[in-house]
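Each reported figure results from applying straightforward, stated rules to the coordinates on display, with no laboratory input. What you see is a predicted model, and the numbers here were worked out from it, not measured in a lab. For neighbour counting, all protein chains shown are included, and Cβ atoms are generated from backbone atoms with ideal geometry for every residue, glycine included.
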Protein chains: 2
Amino acid sequence: MTTFRHFYVKSTKGVTDAKKINLKDIPGTSGRLDIIARSINAAFWLSNNIRRNVVFHTILHGMPDPPVYIRFEGEKMRKISPDERSIILFILKALERTRENEVESTPGVFVSRKNFEKFIEENRDKKIYLLMEDGKPMKSINFKNERDYLFILGDNLDLSEEEKQIAIEAGATPVSIGKTSYLTSHCIVVINWYLDMLEREVE
Amino acid sequence: MTTFRHFYVKSTKGVTDAKKINLKDIPGTSGRLDIIARSINAAFWLSNNIRRNVVFHTILHGMPDPPVYIRFEGEKMRKISPDERSIILFILKALERTRENEVESTPGVFVSRKNFEKFIEENRDKKIYLLMEDGKPMKSINFKNERDYLFILGDNLDLSEEEKQIAIEAGATPVSIGKTSYLTSHCIVVINWYLDMLEREVE
């Protein structure tokens, strides 16, 4: 049985109108969707492969029309390159097709309107971890690999206290990869690598 | 005493004429300098800071005018953003100023003509590690923190056998972060994180 690794990264200011985003200045015009692009790179890419057991979720909370929920499914993704600009282009295609009910904007990429509370409600079946600098050290956690994992991370502006509370109430365990404050994308790289190591020890 | 972490990443096809690189298609026109940009992001960035004890080295071996050696020094870098496009712009500025003797093209970025053999010759004072999938497992290595480290990595096309031999003859220890083939940038994230963990245990 394959267990899945889900990652949720909040996009606090991610712009929700594709036309307002200038590809020549992604950090300056997209509400830091470059962070989301790097997080997607970190979640999926191996040297010559995509991690098929990863699902990446984000909710864009920026102007003019939030929230926009986007989900990337490794099993179904096609023709996406690992560079930031290529990944951003798939986010733009999703934004152009946003509506209330979910649509698959490109293979493996799904978009709809959904807020964080509803997202968590729909994912309570997973073992949820909330990344926090003062959480339990990762190496003290017994990753049992029985249920799919969902790791919840903030962007450069972090999650709100309310969002952390929603995750905790849904059973999330606060977990820390160290006292240093790492980039979100780097946290995802470390989590993927660490889980790879654990799985290899079991083999 | 601060020990430094040096990373060298080979750029097998990195284009050596800035005018030939189209920023709208970096992976397709730059000889995969996007890999170098992501490696630089991985080497230096923390959440709200640059790692001042990191030095990043690359040699571009692509057409029309190789080799071009570029060095980024964390202690001196200024005004570089973590996104790929911003980092590439600093590489382009270095390429525009390439000459035989070293010049500082922008703060903390140095460019000259140098091949791998000479680069290794100049860095024999460091404790050298050669990243290889079948090297010694990282956790079996006794990182003593007495000398500066130099980690040598290939890009998507790897190092040549001759280059690996040059590194080994200079005393490099082959080291592995796992049997999985990871992106170069992800290897750097893991090494930085792993060394952070070790330093914290010593504190």
Fill in the blank from the handout: Amide H contacts under 5 Å for A:Asp155, restricted to residues at least 5 apart in sequence or on another chain and with H modeled in the peptide plane, are A:Lys10, A:Thr12
Completion exercise
Here the residues of segment B:106-121 lying in the modelled label zone of B:Leu157, meaning backbone nitrogen under 17 Å from a point 7 Å along Cα-to-Cβ, are B:115-117
Fill in the blank from the handout: Counting only DSSP beta bridges with both partners in the protein assembly as shown, the antiparallel fraction in percent, to the nearest 5, comes to 40 percent
Problem - Nm distances between copies for B:Leu157, ranked from closest, using label points 7 Å along Cα→Cβ - result: 4.2
Problem - Hits among aspartates and glutamates - C-alpha to C-alpha of B:Lys164 under 15 Å, sequence gap 8 or more where chains match - result: B:Glu117, B:Glu121, B:Glu133, B:Asp134, B:Asp155
Exercise for the section: Step through the residues of segment A:54-70 one at a time and calculate ³J(HN,Hα) from phi using the Karplus curve (6.51 cos²θ - 1.76 cosθ + 1.60, θ = phi - 60°), rounding each to whole Hz and writing x for Gly and Pro. Expected result: 10, 10, 10, 10, 9, 10, 8, 10, x, 5, x, 9, x, x, 10, 9, 10
Practice task
Would you mind computing, in nm to one decimal, how far apart the modelled labels at B:Glu201 and A:Glu96 are, each placed 7 Å from Cα along Cα→Cβ?
Solution key: 5.1 nm
Practice task
Kindly give the distances from A:Ser140 to its copy-mates, label point to label point, with each label point 7 Å from Cα along Cα→Cβ, as nm values to one decimal ordered shortest first.
Solution key: 3.0
Problem - Phi-based couplings in Hz for segment A:80-89 (Karplus 6.51, -1.76, 1.60; Gly and Pro marked x) - result: 9, 8, x, 7, 4, 4, 4, 5, 4, 4
Problem - Members of A:Lys118/A:Lys139; A:Lys10/A:Lys127; A:Lys179/B:Lys76; A:Lys20/B:Lys20 lying beyond 22 Å, as alpha-carbon distances in this model show - result: A:Lys118/A:Lys139; A:Lys179/B:Lys76; A:Lys20/B:Lys20
Fill in the blank from the handout: Length-normalised contact order of chain A, Cα under 8 Å, at least 6 apart, in percent, tallies to 24 percent
Exercise for the section: Could you tell me how many degrees, from 0 to 90 and to the nearest 10, lie between the Cα long axis of helix B:184-202 and the main elongation axis, the longest principal axis, of the Cα atoms of chain B? Expected result: 40 degrees
Problem - Copies compared at B:Lys79 - label distances in nm, ascending, label defined 7 Å from Cα in the Cβ direction - result: 4.0
Practice task
Given the options A:Leu46, A:Leu33, A:Leu131, state which has the largest fluctuation in a GNM of chain A using a 10 Å cut-off (strictly under) for Cα springs.
Solution key: A:Leu46
Fill in the blank from the handout: Least to most buried among B:Leu23, B:Leu159, by other C-beta atoms within 10 Å and fewest first, runs B:Leu23, B:Leu159
Fill in the blank from the handout: In Å³ per residue, the alpha-carbon convex hull of segment B:1-78 encloses 101 Å³
Problem - Alpha-carbon centroids, segment A:156-203 and segment B:91-167: separation in whole Å - result: 31 Å
Fill in the blank from the handout: Output for segment B:126-164: GluC sites (Glu not before Pro) sitting in coil per DSSP, at most 12 other Cβ within 10 Å, listed by number, reads B:Glu146
Practice task
Extending each Cα 7 Å along its Cβ direction at A:Asp25 and B:Lys136, get the distance between those two points in nm, one decimal.
Solution key: 5.0 nm
Problem - Sequence-separation-based contact order of segment B:1-119, relative, with Cα cut under 8 Å and 6+ spacing, percent - result: 26 percent
Practice task
Taking the Cα centre of segment B:62-166 as origin, sum charge times position over the Cβ atoms of Lys and Arg (+1) and Asp and Glu (-1), and report the length of that vector in debye to the nearest 20.
Solution key: 460 debye
